[in-house]
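The values are calculated or read from the model by the stated rules, or taken from the named source; none is laboratory data. Values in this document were obtained by computation on a predicted structure and should not be read as measured data. Every residue, glycine among them, receives a Cβ derived from its backbone with ideal geometry; neighbour counts consider all protein chains shown.
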């Protein structure tokens, strides 16, 4: 149940627009550190582009490494927006209100980052132009639209388009508030983006209908995106451990697990840095914690099924792969860390209400989850490729170079910078959602006493 905390409407406007009007010292420190990390990644990418993929740890037969692992990870993080916003909106969960905007914005920047990783992985990202320009046609080089790798950009950019539209429609009332409180270039910007929104009954009705329709329409795209990413592996029947039929739901629920955990991390930072204690309260972390328990247990069930499918088959290649993942260095250590951080440490903690309402514990446990989920992607990709394959005459182990590490760290800096830039232009907590939630609260009479009611969830 959501607890009632009444806040004056003018205070809501002032507090939630604080990020747009104030620039504290920590903001510039964070921007400087993240920009330095992103610059290091850009320099590393420049060196890799100049020298070639030999600067990385990629080799035969491990052609996919940190870059593709990071791609799958960020696609997973992007599922937070739909899970938190669309599904909870359709189910009428009131505790979602302060959380939705941050989750939706995280989805956009995660997808943009994920889309960059395959291009970086190619080592020659400009070659994507050959799909649109006829230069290579004269050389007899033709794009292959039948390749399964074409499915990814189609799904990702469809999801990205839907997510941007989803965020923008929900942002329109807040843009109108910002327009009425701004001057200069901000007034011009918000006047254009708010589309003449004045808050009359017809506009509010259209706003509500659009939110529900977009929530329903984006759900199939949400499911399809990570299913298609899993099919990148499933269609490679020559690689042990990749062609499990359970991969699609396993990847989707794993993506939700990491995405919701990333939202918890982001909400804790917003509460601490901007001082939004009145809006992001312990009961919101309690709701996210309960959701995470269900998601984590479902994901672990799929993990057990997928893992033991290969063992029950009693096929020697599958058994050899599982032995490599569980008992051979360094994958055995990574396997243990992944299980501990992804499930066995955080989930028992979340079972206790006091832990779910402890923001610091929720913050650190959510970080542990995403560390574990990143390692899980790595364990799926690299050991399967490293195991000796038929018709592969050169075998090498995979060890990431400093170039790869800096580029991967740079993607986290890129997402952080994007969120900070967004907070300077738009409110990270939806103003109209908070006000609407307060209107829905009513006092109820019990005998002769009036007490605050709670919203039915």
When restricted to 198, 186, 179, the only residue at pLDDT 85 or above, over 26 Å from residue 86 (Cβ atoms) and surrounded by 17 or more Cβ atoms within 10 Å (Cβ to Cβ) is 179
Checking 82, 75 in turn, the sole residue that is over 23 Å from residue 378 (Cβ atoms) and either assigned to a helix (DSSP H, G or I) or at pLDDT 85 or above (or both) turns out to be 82
When every residue in region 1-40 that is modelled with pLDDT of 80 or more and in a loop (DSSP other than H, G, I, E, B) is compared, the one surrounded by the most Cβ atoms within 10 Å (Cβ to Cβ) is 17
Notebook entry, point to check: Going by the conditions given, is residue 173 touching a residue at least 24 places away in the same chain (Cβ under 8 Å) and more than 19 Å from residue 102 (Cα to Cα)?
Noted result: no
Matching residues in region 332-341 (free of Cβ contacts under 8 Å to residues at least 40 places away in the same chain and either crowded, with 19+ Cβ neighbours inside 10 Å or not in a helix (DSSP H, G or I) (or both)) number 1
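Rundown of residues vs (1) surrounded by fewer than 19 Cβ atoms within 10 Å (Cβ to Cβ); (2) within 19 Å of the chain's Cα centre (by Cα); (3) over 30 Å from residue 20 (Cβ atoms), yes/no style:
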residue: 213; (1), (2), (3): yes, no, no
residue: 282; (1), (2), (3): yes, no, no
residue: 298; (1), (2), (3): yes, yes, yes
residue: 304; (1), (2), (3): yes, no, yes
Just one listed residue, out of 329, 364, is surrounded by fewer than 21 Cβ atoms within 10 Å (Cβ to Cβ), out of contact with any strand residue (DSSP E or B) (no Cβ under 9 Å at 6 or more places or on another chain) and not in a helix (DSSP H, G or I), and it is 329
Checked pairs for region 45-64, first over 12 Å from residue 125 (Cα atoms), second at pLDDT 85 or above and surrounded by fewer than 20 Cβ atoms within 10 Å (Cβ to Cβ), C-beta under 6 Å and 6 or more apart or across chains, list as 56/401; 57/399; 57/400; 57/401
If you go through region 289-301 one residue at a time, do you hit one that is in a helix (DSSP H, G or I) and free of Cβ contacts under 8 Å to residues at least 24 places away in the same chain? yes
